[in-house]
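The values are calculated or read from the model by the stated rules, or taken from the named source; none is laboratory data. Quick caveat, the model's predicted, so the values are computed rather than measured. Cβ coordinates were reconstructed from backbone atoms using ideal geometry, including for glycine residues, and neighbour counts include every protein chain displayed. Remember, those area values only see protein heavy atoms, side chains included, never the ligands or the DNA or RNA. Shrake-Rupley method; radii C 1.70, N 1.55, O 1.52, S 1.80 Å.
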Amino acid sequence: MVSTPTFLSIKLCGTSGSYSFFSYDGENDVLHDISFVAQPGQTIALVGETGSGKTSMINILMRFYEFGKGEILIDDRDIRDYSIQELRKKMGLVLQEPFMFYGTVASNIRMFNKEVTDQEVRDAAHFVQADRFIEDLPDAYDSRVIERGASYSSGQRQLISFARTLVTDPKILILDEATANIDTETEQIIQTGLARLQEGRTTIAIAHRLSTIQNADLILVLESGRIVERGTNDELLAKHGFYYDMIQLQNSAHLD
């Protein structure tokens, strides 16, 4: 179950004037002169402190909010030319804390899409290795899920969310630190499931733990809504700039 990679281009820049690149209140821009290209199959990581603009980037990419001046292209077509339904089919969003709905494991993977067959649910779970724990449940895929999935571990909930994302076969995968809140018991399975989920997909990843994005094709360092550094992990470390300082700070905090 591998998707066809897609081309993504984001350009929110130009001559400042009456047009806002992106603003929540219509007055104060929160993103400035953002420009980058994700080649098919690449992973682009967004890093930066809280308030740097990472979440705003995801908000406009998913069209949770509309942007002003600039363009976001998917396969050379402006995302505003897609219907919301069509755009949602092209993108898969995996949150740091996945939400589980009252129902069954299968319905949480299917997400009320009657076109998704039982076999497709099982195939998606198997692909991300969620089937390892699902098939050990008393009623397997028919096992009950209460709201927020309180009876399941954080790792199990995240594996179900991986299967939920995969079953729609998105072209672009958007990750909001999908491994941040997992339990150690399922950490290796989560990492393997995430790697398989990313296979053949163009990925945009918000990273809080910088160790999770060191193999990204391009890392964008954001500060106050601007890209202040860009490059691979090795290139950015060699600059001894913002990214280098962030790595050093996280490493020292880990040692403490």
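Need the failing condition index for Leu197 against (1) of a type outside the set (Asp, Glu); (2) assigned to a helix (DSSP H, G or I); (3) modelled with pLDDT of 85 or more, just the number.
Among (1) of a type outside the set (Asp, Glu); (2) assigned to a helix (DSSP H, G or I); (3) modelled with pLDDT of 85 or more, the lone unmet condition for Leu197 is (3).
State which residue is nearest to the chain's Cα centre (by Cα) when the search covers only segment 211-232 and only residues that are free of Cβ contacts under 8 Å to residues at least 60 places away in the same chain and surrounded by 16 or more Cβ atoms within 10 Å (Cβ to Cβ).
Pass one, segment 211-232, residues free of Cβ contacts under 8 Å to residues at least 60 places away in the same chain: 211-212, 214, 228-229, 231-232.
With surrounded by 16 or more Cβ atoms within 10 Å (Cβ to Cβ) added as a condition, the list becomes 212, 229, 231.
Numbers: Thr212: 13, Glu229: 20, Gly231: 19 Å.
Once the filter is applied, the top-ranked residue is Thr212.
Return the residue satisfying two criteria in turn: it lies in segment 101-122 and is modelled with pLDDT of 90 or more and among the acidic types (Asp, Glu), and of such residues it is most open to solvent (accessible area, probe 1.4 Å).
Among those that are modelled with pLDDT of 90 or more and among the acidic types (Asp, Glu), it is Asp118.
For Arg157, are the conditions met, namely being open to solvent by 30 Å² or more (accessible area, probe 1.4 Å), under 19 Å from Phe99 (Cα atoms) and of a type in the set (Lys, Arg)?
On the way: open to solvent by 30 Å² or more (accessible area, probe 1.4 Å): yes; under 19 Å from Phe99 (Cα atoms): yes; of a type in the set (Lys, Arg): yes.
So Arg157 passes the test.
Considering each residue of segment 71-85, count those that are surrounded by fewer than 21 Cβ atoms within 10 Å (Cβ to Cβ) and touching a residue at least 60 places away in the same chain (Cβ under 8 Å), and give that number.
Filtering segment 71-85 down to residues surrounded by fewer than 21 Cβ atoms within 10 Å (Cβ to Cβ) leaves 71-73, 75-78, 80-85.
Narrowing the set further to residues that are touching a residue at least 60 places away in the same chain (Cβ under 8 Å) leaves 71-73, 75-76.
Residues meeting the conditions: 5.
So Lys90 ticks every box in (1) of a type outside the set (Val, Ile, Thr); (2) over 15 Å from Gly193 (Cα atoms); (3) open to solvent by less than 10 Å² (accessible area, probe 1.4 Å) but one. Which box is left unticked?
Only one criterion in (1) of a type outside the set (Val, Ile, Thr); (2) over 15 Å from Gly193 (Cα atoms); (3) open to solvent by less than 10 Å² (accessible area, probe 1.4 Å) is unmet by Lys90, namely (3).
Which numbered condition trips up Gly68, out of (1) farther than 18 Å from Gly225 by Cα; (2) modelled with pLDDT under 85?
If we test Gly68 against (1) farther than 18 Å from Gly225 by Cα; (2) modelled with pLDDT under 85, just (1) comes out false.
Identify, by number, the condition in (1) assigned to a loop (DSSP other than H, G, I, E, B); (2) under 27 Å from Phe242 (Cα atoms) that Leu46 doesn't meet.
Result: Leu46 passes all but (1).
Can you confirm whether segment 206-217 contains a residue that is in contact with a Gly (Cβ under 6 Å, 6 or more places away or on another chain) and at pLDDT 90 or above?
Kept after step one, since they are in contact with a Gly (Cβ under 6 Å, 6 or more places away or on another chain), are these residues of segment 206-217: none.
Looking through segment 206-217, none of the residues is in contact with a Gly (Cβ under 6 Å, 6 or more places away or on another chain) and at pLDDT 90 or above.
So, in segment 123-153, how many residues would count as being in contact (Cβ under 8 Å) with a residue 40 or more places away in the chain, open to solvent by 20 Å² or more (accessible area, probe 1.4 Å), more than 13 Å from Thr165 (Cα to Cα) and part of a helix (DSSP H, G or I)?
Within segment 123-153, residues that are in contact (Cβ under 8 Å) with a residue 40 or more places away in the chain, open to solvent by 20 Å² or more (accessible area, probe 1.4 Å), more than 13 Å from Thr165 (Cα to Cα) and part of a helix (DSSP H, G or I) number 4.
Of everything in segment 1-60 that's more than 23 Å from Asp75 (Cα to Cα), open to solvent by 60 Å² or more (accessible area, probe 1.4 Å) and among the β-branched types (Val, Ile, Thr), which residue is modelled with the highest pLDDT?
Thr50
When you scan segment 225-251, how many residues do you find that are hydroxyl-bearing (Ser, Thr, Tyr) and assigned to a helix (DSSP H, G or I)? I'd like the intermediate steps shown before the answer.
Of the residues in segment 225-251, the ones hydroxyl-bearing (Ser, Thr, Tyr) are 232, 243-244.
Next, only the ones that are assigned to a helix (DSSP H, G or I) stay: 243-244.
So the count comes out to 2.
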